1. If Ile64 satisfies all but one of (1) more than 16 Å from the chain's Cα centre (by Cα); (2) among the β-branched types (Val, Ile, Thr); (3) under 17 Å from Ile21 (Cα atoms), what's the number of the condition it fails?
2. List every residue pair whose Cβ atoms lie under 6 Å apart, where the two residues are 6 or more positions apart in sequence or sit on different chains, the first residue falls within the range 52-70 and is basic (Lys, Arg), and the second residue, located anywhere, is surrounded by 16 or more Cβ atoms within 10 Å (Cβ to Cβ).
3. How about the range 22-36: which of its residues are surrounded by fewer than 17 Cβ atoms within 10 Å (Cβ to Cβ) and either in contact (Cβ under 8 Å) with a residue 60 or more places away in the chain or under 14 Å from the mean Cα position of the chain (by Cα) (or both)?
4. Return only the number of the condition from (1) farther than 21 Å from Lys132 by Cβ; (2) surrounded by 22 or more Cβ atoms within 10 Å (Cβ to Cβ) that Gly43 does not satisfy.
5. List the pairs whose first member sits in the range 76-96 and is under 11 Å from Lys17 (Cβ atoms), whose second member is basic (Lys, Arg), and whose Cβ atoms are under 8 Å apart, counting only residues at least 6 apart or on separate chains?
6. Are any residues in the range 104-115 out of contact with any helix residue (DSSP H, G or I) (no Cβ under 9 Å at 6 or more places or on another chain) and not polar (S, T, N, Q), and if so, which ones?
7. Just give me the residues in the range 10-39 being within 16 Å of Ala91 (Cα to Cα) and either charged (D, E, K, R) or part of a loop (DSSP other than H, G, I, E, B) (or both), in sequence order.
Amino acid sequence: MLEIGSKAPDFSLANEKGEIISLKDFKGHKVILYFYPKDNTPGCTKEALAFKELFAEFEKRDVIVIAVSKDNSRSHLNFKTKHDLPFILLADPEHQVIEAYDVWKEKKLYGKVSMGTVRSTYVIDEDGVIIKSYPKVKVNENAKEVLAFLDSQA
């Protein structure tokens, strides 16, 4: 994970519609940037639905929610439509941003070792500085933890 207090790496990635979105587009807003392994898998769907459930609360606090995975824009559009997700999904098939945020790691599943995205979340302030990080998050708790952190900062 990147260090709290460090500048968040800028990026430009395609969203679910193929439009290019950059972190700098949200200067002046807090940003929740969460990384997840794969669209339409049980854990990733639970996490997305947890952020959807609290989305109005994040909006009230003028916070932008962005989710990133290595899936392509078409997969993101399907995922977003199927679950009526109200936040931005960004495609990072080359995992450049995933690596820049230090969440591309060695993973073990059933004894098999492979590289993949570790479910992680960053909170970035209005000036693009990382103010909180959540490594290896729990899908049902992450959105609530982030909201509680934001409220503790108010």
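Quick note: the coordinates plus some simple rules give every number you see, no bench work behind them. If you're wondering where the values come from, they're calculated on a predicted model, not measured in any experiment. Backbone-built Cβ (ideal geometry, glycine too); neighbour counts: all protein chains shown.
1. Condition (1) is where Ile64 drops out.
2. Pairs found: Lys52/Leu85; Arg61/Leu150; Lys70/Asp92; Lys70/His95.
3. Ser22, Lys24, Lys27, Gly28, His29
4. If we test Gly43 against (1) farther than 21 Å from Lys132 by Cβ; (2) surrounded by 22 or more Cβ atoms within 10 Å (Cβ to Cβ), just (2) comes out false.
5. Leu77/Lys17; Leu89/Lys80; Ala91/Lys70
6. Lys105, Glu106, Lys107, Lys108, Leu109, Tyr110, Gly111, Lys112, Val113, Met115
7. Correct list: Asp10, Phe11, Glu16, Lys17, Gly18, Glu19, Tyr36, Pro37, Lys38, Asp39.
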